[in-house]
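Visitor: Got a structure for you, written out below as structure tokens; questions coming shortly.
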Amino acid sequence: MVIAQRVAASARAREALPSPIRKLTPLAEAAKARGIKVYHLNIGQPDITTPDALMAGIREFRSDLLPYAPSQGLPETVAAWQEYYAQLGVEFERDQLVVTTGGSEALLFAMMAVADPGDEIITFEPSYANYFGFARMTSVQIVPVTLDAGSGYHLPDASDIESRITGRTRALLFTTPGNPTGTVFSYAELEVLGDLARRHGLFLISDETYREIVFEGDRTMSMMKVAAARDRTIVVDSVSKRFSATGARIGCLASHHPGVMEGVLRFAQARLASPTVEQRGLVPLLRNSATYTDPLAAEYRRRRDVVYGELLTIPGVQVSKPEGAFYLFAVLPIDDGERFASWLLSDFQLDGETLMIAPGDGFYCSPGLGKQEVRFAYVLQERDLTRAMTILREALRVYPGSKREDVS
Ligand SMILES: Cc1ncc(COP(=O)(O)O)c(C=O)c1O
């Protein structure tokens, strides 16, 4: 007789992290069911129209068969990424690129290619929250270095980073332009990271998902251009934000490190391929990216100016000017960002309208940090952003957990 054994999910499955950004969604749905209009500033889903060149490429795909693409990527897409990087001033051989299923897969591949279970990767918090989730999936330890709102979330002294390096540290992982901060690291900062990596034998995983969405100066900045760190840099790239094409699920991993690229190609072979039609459709965009990203960056810059300008006039709000991406991370005069975000959806409205924001603590790995911070994603038209800021101003005036000195 066979006795049924209980089966339990793995510790990895049990400990997987839920998305901190989506957990307020049921409250937003409930608000909408009550007839309240919700301005969504909570997620990084661009509203700007996807370039017609991509949509036309998808529509015009004619074939009786939808086949797998090669694991590395369609030859024309790999060539288009090569051309894209050459235009930025960085040369890659064909075997130094793998097309991935979004930047997300590139991140997962990069972490798996540099770190074994129990190894450590240093990152900067506030950080893209899914880094913590990917670290759980790969059994890698994230070691956070906390950035300071007062310095606009720029890097601290090299010694503060160095003090977190141990015998198990394998890489420095960072995003520039930053999510959730909108901070763009300068070349001087990238050189500091490159120097640390060289001296301590570390990889650099440079998440450049928001490259080209930069408001001042060089829009094509990249860790790849720091020559001294070229041998150890792994670039995580994506078309999602740059071309307003999150649903295409196409990204890229690029590195001059042969061992990393051999491993990454084997990972790619195991998952077979990335989407065929979207890869093909993206070729003209990659070949000519500035045509699409110039107006896109200008639009986000105008929106940045609206949100930043409005926040500056709200008492008690501490805000630094975002330099890129489409996020703004602000310190609000509140007791707790999650409580405030929930209250906005459940208990507040201004003439039938409210807003949804992302609580700041989900972007920190250190417990207790980010309680007064929130992230705004300015993925709405200027008029709606202005209205959302009016709603926020009024909400902060009446919020029961307000820490504003002028509120009784
Ligand atoms: C910093 C950062 N990296 C990577 C990603 C992953 O994007 P995707 O998988 O759509 O390319 C995102 C998405 O929001 C992001 O903000």
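The values are calculated or read from the model by the stated rules, or taken from the named source; none is laboratory data. Just so it is clear, the model here is predicted, and its values are computed rather than measured. A quick note on method: Cβ atoms are made from the backbone with ideal geometry, for glycine too, and the neighbour counts reach across all protein chains shown. Surface areas here come from the heavy atoms of the whole protein model, side chains and all, with no ligands, DNA or RNA. Shrake-Rupley method; radii C 1.70, N 1.55, O 1.52, S 1.80 Å.
Visitor: Could you identify the single residue in Arg242, Arg287 that is open to solvent by less than 30 Å² (accessible area, probe 1.4 Å), under 30 Å from Glu216 (Cβ atoms), of a type in the set (D, E, K, R) and in contact (Cβ under 8 Å) with a residue 40 or more places away in the chain?
Guide: Arg242
Visitor: Filter the stretch 91-121 for residues that are within 16 Å of the ligand (Cβ to nearest atom) and farther than 18 Å from His256 by Cβ and give the result.
Guide: Passing the criteria: Thr101, Gly102, Gly103, Ser104, Glu105, Leu107, Leu108, Met111, Met112, Ile121.
Visitor: Which residues, taken from the stretch 6-35, are among the acidic types (Asp, Glu) and in contact (Cβ under 8 Å) with a residue 12 or more places away in the chain?
Guide: Matches in the stretch 6-35: Glu15 only.
This table checks each residue for (1) open to solvent by less than 10 Å² (accessible area, probe 1.4 Å); (2) within 13 Å of the chain's Cα centre (by Cα).
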residue: Arg168; (1), (2): no, no
residue: Leu172; (1), (2): yes, no
residue: Val184; (1), (2): no, yes
residue: Ala188; (1), (2): no, no
residue: Gly194; (1), (2): yes, no
residue: Arg199; (1), (2): no, no
residue: Leu202; (1), (2): yes, no
residue: Ser206; (1), (2): yes, yes
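Visitor: Additional query: Conditions: (1) under 14 Å from Ile234 (Cα atoms); (2) β-branched (Val, Ile, Thr); (3) touching a strand residue (DSSP E or B) at 6+ places or on another chain (Cβ under 7 Å). Val143 meets all but one. Number of the miss?
Guide: For Val143, the exception is condition (1).
Visitor: Confirm whether Tyr308 is in a helix (DSSP H, G or I) and open to solvent by 30 Å² or more (accessible area, probe 1.4 Å).
Guide: yes
Visitor: Please work out if Glu262 is assigned to a helix (DSSP H, G or I) and touching a residue at least 40 places away in the same chain (Cβ under 8 Å).
Guide: no
Visitor: Go over the candidates Gly309, Gly324 one by one and state the one that is modelled with pLDDT of 95 or more and within 20 Å of Phe363 (Cα to Cα).
Guide: That would be Gly324, the only listed residue that is modelled with pLDDT of 95 or more and within 20 Å of Phe363 (Cα to Cα).
Visitor: Is it the case, given these coordinates, that Gly44 is outside the structural domain of Met356 (by TED's automatic domain parsing), touching a strand residue (DSSP E or B) at 6+ places or on another chain (Cβ under 7 Å), closer than 30 Å to Ala13 by Cβ and open to solvent by less than 20 Å² (accessible area, probe 1.4 Å)?
Guide: No: the conditions fail for Gly44.
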